[in-house]
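The values are calculated or read from the model by the stated rules, or taken from the named source; none is laboratory data. Treat the numbers as computed from the prediction; the structure is a model and nothing was measured. Quick reminder, even Gly has a Cβ in these numbers, built from the backbone with ideal geometry, and neighbours come from all protein chains shown.
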Amino acid sequence: MLDTIPAPPPEHETPDPPGDPLGRLAELCARHRRPLLAGALIVLLLAAVVVAGAKDRWSNGGFTATGTRAAEAERVAARYGADAADLVFYVRADKPVDDAEVAEAGRRITALVAGRPGVDAAQSYWTTGSPLLRSRDGEGALIRVDLAGSERDGAVASRALVPAVRKAAAGLRVTATGPAWLNAQATDESERDLERGELLAAPLTMIILLLAFGSLTAAAIPLAVGAVSVAGALAVLATLTLTMPITVFAINICAALGFALSVDYALFIVTRYREELSRGVESRRAIALSMATAGRAVLFSAATVALCLSALFVFPLELLRSLAWASILVVGISSLTSLLVLPALLAVLGPRLDRLDPFRRFRRGRGRVGGGSPVWRRIATLATSRPILCGGTAAVLLLVLALPFLHARFTTIDEKILPKSSEPHRTAQLLRADFADPPERIIPVILPRANAATDAPAIDAYARRLSALPHVAHVLADTGDYRAGLPVRTSELPASPPEATAADGTTPAVERPAAPPEPGRPAVVGSVLRVVGTADSQSPDTVALVHRLRALPAPQPHLVAGKAAELTDTKHTLRAALPYGVAIMLVGTLVMLFLFTRSVLVPIKAVLMGLLSMIASLGAIVYVFQDGHLRRLVGDFSTGGTLETTMPLLTLAVAFGISVDYEVFLLARIKEEFVRTGDNTRSIVFGIEHTGRLFTAAALIVAATMVALTMSHVTLLKTVGVGLAVAVVVDATVVRGVLVPALMRLTGRANWWAPSWSLPRRPRDTGAKLPDARTEAHPELVGQAADSAADGIDRPAG
C-alpha cells in the first residue's frame with residue numbers, strides 16, 4: 001500500500017546535492033580543467049594519426065551468417081574451384097576470344113594474375129575452355145581470381161591487382177567486379193563520404209545550436225565536445241582493429257552517431273546549467289547541480305542506448321557484432337566526454353557562456369532552449385484536452401508511415417550498394433547482360449564422396465532429376481549438360497576441377513579428399529554439379545530452388561553452395577535470432593526505466609512509443625530504398641526491390657535507444673512537476689512546454705548529422721542516415737509532442753503507481769527531511785521534493 005506524501009512547496013530552487021558522485025566528479029573536473037582540456041586537445045591531434053595508420057586494417061565483409069550449411073558448403077566448394085570468385089575480370093576484344101592472338105593475350109594475363117602477391121589461383125576461359133566463362137557474342141571472357149587471406153586482405157590485394165591487369169591488357173578492354181573489388185571501392189567511397197559528411201554536419205549543427213542557444217559561445221561548446229568524442233572513439237576503434245575485426249562502415253556510422261549523441265548530451269547539460277545560472281546560482285555550484293541532474297540522466301540514457309545496441313550480439317554476423325562493439329564504444333565515450341570535458345569547458349567560461357549573442361536585441365528574453373515554449377504548450381494542451389482524438393490520430397499517422405514495411409524483402413550485400421557509375425556495379429550488370437549463365441545464377445551442388453569415374457551412372461541420374469526442377473535452366477555435370485531432365489551434349493567442363501594457373505605458370509593440382517584408387521585407373525574423389533537457375537540469386541524463385549536442391553534425394557550426402565544458399569541461410573538465421581534480440585531490448589529497457597521512474601505503467605508506455613518510432617523508421621527505409629522513392633531528396637542510389645539485411649537492424653537498435661533516451665528526459669521533467677503540484681494534466685503540459693524546444697533542437701541535430709550519411713554514395717550508409725533521421729524527427733514531434741501527453745492524460749495518476757515492495761523504506765516522520773541518499777536515488781527530481789519521488793508517489797495530498 002502506498003502512503004500519501006505531503007506535497008512539497010512550489011519553489012523551484014535546486015538545493016545543493018551533497019554527496020552526489022556526479023556532482024563531486026564535476027567539481028573535480030572543474031578544478032582540474034586545464035589538464036583535462038589539454039588532454040582533450042592531445043586526443044584530437046593524435047586521433048588523426050591513429051586512424052590514418054589503420055587504413056588497411058578495417059574489415060570489409062561479414063554480411064553473411066557464420067556456422068550455416070551454406071558456409072560449410074562454400075568451404076568445401078573452394079577445394080573444387082566451385083566457390084564464388086573473389087575477383088572477376090571481364091576481358092573484351094574486338095574479335096572472337098578464340099582468335100589465336102586474343103587467346104595468347106588471355107593466357108598471358110591469366111598467368112600474370114596468378115603470379116601476383118595475394119593470389120591463390122586464377123582461371124579463365126583460355127585456361128579451362130569452360131563455356132561458363134565465355135560471353136554470348138564470343139568476344140568477351142572472364143578471369144576468375146581466388147585471393148589469399150581474409151576479405152580485408154582480398155580488398156587490399158585487389159587495389160594493386162586491378163591496375164596491374166589493365167596496364168598489361170594492351171589492346172583489350174578490362175573491367176573488374178567481385179566481392180574484393182566491391183569492398184575496396186566501398187571502403188574508398190566511405191572514406192570520401194566521411195570527409196564530405198564532416199564538412200556538412202558541423203555547419204548545420206552550429207546553425208541549429210546557435211538558433212537554440214542564441215550565443216556563439218554556448219553553441220560552440222557542444223561542437224567541441226562532439227569533436228573530442230568522435231576523435232576519441234575513432235582512435236579507440238582504430239586500435240581495436242589490431243585485435244578484432246571492425247567493419248570499415250563503423251567509421252562513418254560511429255562518427256555520425258558519436259557526434260550526434262555527444263552534441264545532444266552536451267545540449268541537455270548546458271541547458272540545465274543555464275537554468276541554474278538564471279536562478280542566481282554560482283557557476284561552480286551550477287556545474288555540480290547540472291551534472292547531478294541532467295548529467296545523471298545522460299549517464300542513464302547512454303546505458304540504455306548501449307543496452308539496446310547489445311541486442312546485435314545475438315546475430316551471428318561478423319558485421320553486426322563489429323558494429324555493436326563500435327557503437328557501444330562510441331556511446332560510452334560520448335557520455336564520458338560529456339561528463340568529463342564539458343564541466344571543464346563550463347568552468348573556463350562560467351557566466352560568460354552567453355557572450356556573442358547575435359540575436360540579443362531581437363530576443364527580449366524569449367526563444368532560447370530551456371525556457372517554456374508557447375507553441376509546445378498549446379500542442380500539449382490540445383493533446384491532453386482531447387487525448388483520444390489526438391493520440392489516435394498520431395498513432396494512425398505512425399502506422400501509415402510503417403505500412404511499406406509490410407512488403408519488405410531482404411537480401412545480402414551486392415554491387416547495388418555502390419552507384420551505377422561505379423566499376424563493380426557496371427561490370428556486374430554487364431555480366432548479367434552478356435553471359436547466358438551469369439556467375440551469380442550458378443548454384444554448385446557438391447557430392448564430396450562421389451567418384452567421377454565409378455559413380456557416373458548415379459551422377460547422371462541425379463543430374464537429370466536436378467535439371468527437371470522448376471526454375472532450373474540446365475545442369476552442368478561431369479557426365480554432361482542436362483536440360484528439362486534430359487542430356488543435351490557432353491559437358492565442356494573438365495571432369496576434374498577447373499585448371500588454375502599458379503604463380504609459376506603451371507597447373508597445380510587441387511586438394512581433394514583422399515580415396516582409394518580403382519585398380520588400373522586413378523580415382524577422382526568428389527563431383528560438382530553446377531545448377532544454373534533462371535533467375536538472379538536474390539529472387540524468391542531462386543531461394544525456393546535452394547530448398548528444393550537440399551530436399552531432393554541425392555546418391556550420397558550433398559552440399560548446396562553459392563550466393564543464393566548463403567542468402568537463404570542468412571535470412572533464416574536472422575529470423576531465428578530476432579526474437580532474442582528484441583527481448584533483450586524490451587526487457588532491458590523495461591527494467592531500467594522501472595528503476596529510474598519507480599513506475600510500472602510508464603516503462604511499458606515508453607517501450608510502446610519506442611516500437612512505434614522503430615516501425616515508422618522501417619517503413620521509411622522500405623519506401624525509399626526498396627521502392628525507390630525520393631531519389632531527388634536523398635541522392636541517387638540503386639535498388640533491386642530488396643533491402644540489405646544488416647543496416648535496418650542496426651538502425652532499429654539505435655532508433656529504439658534514442659527514443660528511450662528522449663523519454664527519460666521528458667519523464668524526469670513531467671514527474672518533477674507532478675511531485676511539486678500533484679496535478680497530472682498540468683505536469684504533462686509543463687513537461688512538454690519546457691522540453692519541446694529542447695527535443696526539437698536535439699532531434700534536428702541528430703537529423704542534420706544523419707543527413708551527412710544520406711549524402712553518402714554507399715547505399716548502406718544512406719539507409720542508416722534516412723532511418724535514424726526519420727526516427728528521431730518523428731519521435732521528437734509526433735511521439736513526444738502528441739502521443740505521449742495524450743496517453744499519459746488517459747492513464748492519469750496511474751502513471752506513477754508502483755507496488756509497495758518496489759519502494760524504498762520511508763522514515764516514520766513523513767514530514768521530516770530525507771537523507772541525501774534518497775535524493776541521490778532520484779537526481780532527476782533534485783529540488784522538486786526528491787523525498788516524495790523516491791517513494792513512487794501514487795497521489796499527492798489534496
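General remarks:
- Residue within the range 678-686 that is within 23 Å of ALA297 (Cα to Cα), in a helix (DSSP H, G or I) and at pLDDT below 90 present: yes
- Residue in the range 165-185 that is more than 30 Å from LEU430 (Cα to Cα), surrounded by 23 or more Cβ atoms within 10 Å (Cβ to Cβ) and in contact (Cβ under 8 Å) with a residue 12 or more places away in the chain present: no
- Test: residue in the range 421-428 that is closer than 19 Å to VAL174 by Cα, touching a helix residue (DSSP H, G or I) at 6+ places or on another chain (Cβ under 7 Å), touching a residue at least 60 places away in the same chain (Cβ under 8 Å) and in a loop (DSSP other than H, G, I, E, B): yes
- If you check LEU611, LEU618 for being farther than 13 Å from LYS718 by Cα, under 19 Å from the mean Cα position of the chain (by Cα) and surrounded by fewer than 21 Cβ atoms within 10 Å (Cβ to Cβ), only one passes: LEU611.
- Among (1) within 26 Å of the chain's Cα centre (by Cα); (2) of a type in the set (A, V, I, L, M); (3) at pLDDT below 90, the one test that ALA402 misses: (3)
- The condition of being among the acidic types (Asp, Glu), assigned to a helix (DSSP H, G or I), modelled with pLDDT of 85 or more and over 17 Å from PRO222 (Cβ atoms) does not hold for GLU672.
- For the range 681-720, a residue qualifies if it is surrounded by fewer than 24 Cβ atoms within 10 Å (Cβ to Cβ), without any contact (Cβ under 8 Å) to a residue 40 or more places away in the chain and closer than 21 Å to VAL331 by Cβ, and exactly one does: ALA703.
- Where THR293 falls short, out of the listed (1) touching a Phe, Trp or Tyr at 6+ places or on another chain (Cβ under 9 Å); (2) farther than 15 Å from MET647 by Cα; (3) touching a residue at least 60 places away in the same chain (Cβ under 8 Å): (1)
- Only listed residue being surrounded by 24 or more Cβ atoms within 10 Å (Cβ to Cβ), among the β-branched types (Val, Ile, Thr) and closer than 20 Å to THR651 by Cβ, chosen from VAL341, VAL330, VAL314, VAL298: VAL330
- Residue match in the range 170-181 (condition: within 27 Å of PRO438 (Cα to Cα) and at pLDDT below 90): yes
- Residues that are touching a residue at least 60 places away in the same chain (Cβ under 8 Å) and over 24 Å from ALA77 (Cα atoms), drawn from the range 136-155: ARG136, ASP137, GLY140
- PRO487 being modelled with pLDDT of 90 or more, more than 21 Å from ALA77 (Cα to Cα) and not in a loop (DSSP other than H, G, I, E, B): yes
- Test: residue in the range 244-255 that is of a type in the set (Ser, Thr, Tyr), within 20 Å of the chain's Cα centre (by Cα) and not in a helix (DSSP H, G or I): yes
- Tabulated pairs, the range 201-219, first more than 21 Å from VAL230 (Cα to Cα), second of a type in the set (Phe, Trp, Tyr), C-beta under 8 angstrom, 6+ apart or interchain: GLY214/PHE359
- In the range 101-110, the qualifying residues are those that are of a type outside the set (Ser, Thr, Tyr) and in contact with a strand residue (DSSP E or B) (Cβ under 8 Å, 6 or more places away or on another chain), and the one that is nearest to VAL165 (Cα to Cα) is ILE109.
- In the range 553-600, residue modelled with the lowest pLDDT [restricted to those that are in contact with a helix residue (DSSP H, G or I) (Cβ under 7 Å, 6 or more places away or on another chain) and among the hydroxyl-bearing types (Ser, Thr, Tyr)]: THR597
- Within the range 91-106, if we keep just the residues that are in a loop (DSSP other than H, G, I, E, B) and among the aliphatic types (A, V, I, L, M), the residue that is surrounded by the fewest Cβ atoms within 10 Å (Cβ to Cβ) turns out to be ALA93.
- Selected residue [outside any loop (DSSP other than H, G, I, E, B), closer than 19 Å to ASP414 by Cα, of a type in the set (A, V, I, L, M) and touching a strand residue (DSSP E or B) at 6+ places or on another chain (Cβ under 6 Å)] from VAL76, VAL88, VAL113, VAL156: VAL88
- Helices (runs of 4 or more DSSP H) wholly inside the range 302-385 containing at least 2 residues that are modelled with pLDDT of 90 or more, closer than 29 Å to ARG24 by Cβ and hydroxyl-bearing (Ser, Thr, Tyr): 318-349
- Every residue from the range 159-178 that is within 29 Å of ILE246 (Cβ to Cβ) and part of a loop (DSSP other than H, G, I, E, B): GLY178
- Checked across the range 204-220, the condition of being buried (at least 24 other Cβ atoms within 10 Å of the Cβ), of a type in the set (A, V, I, L, M) and under 21 Å from the mean Cα position of the chain (by Cα) holds for no residue.
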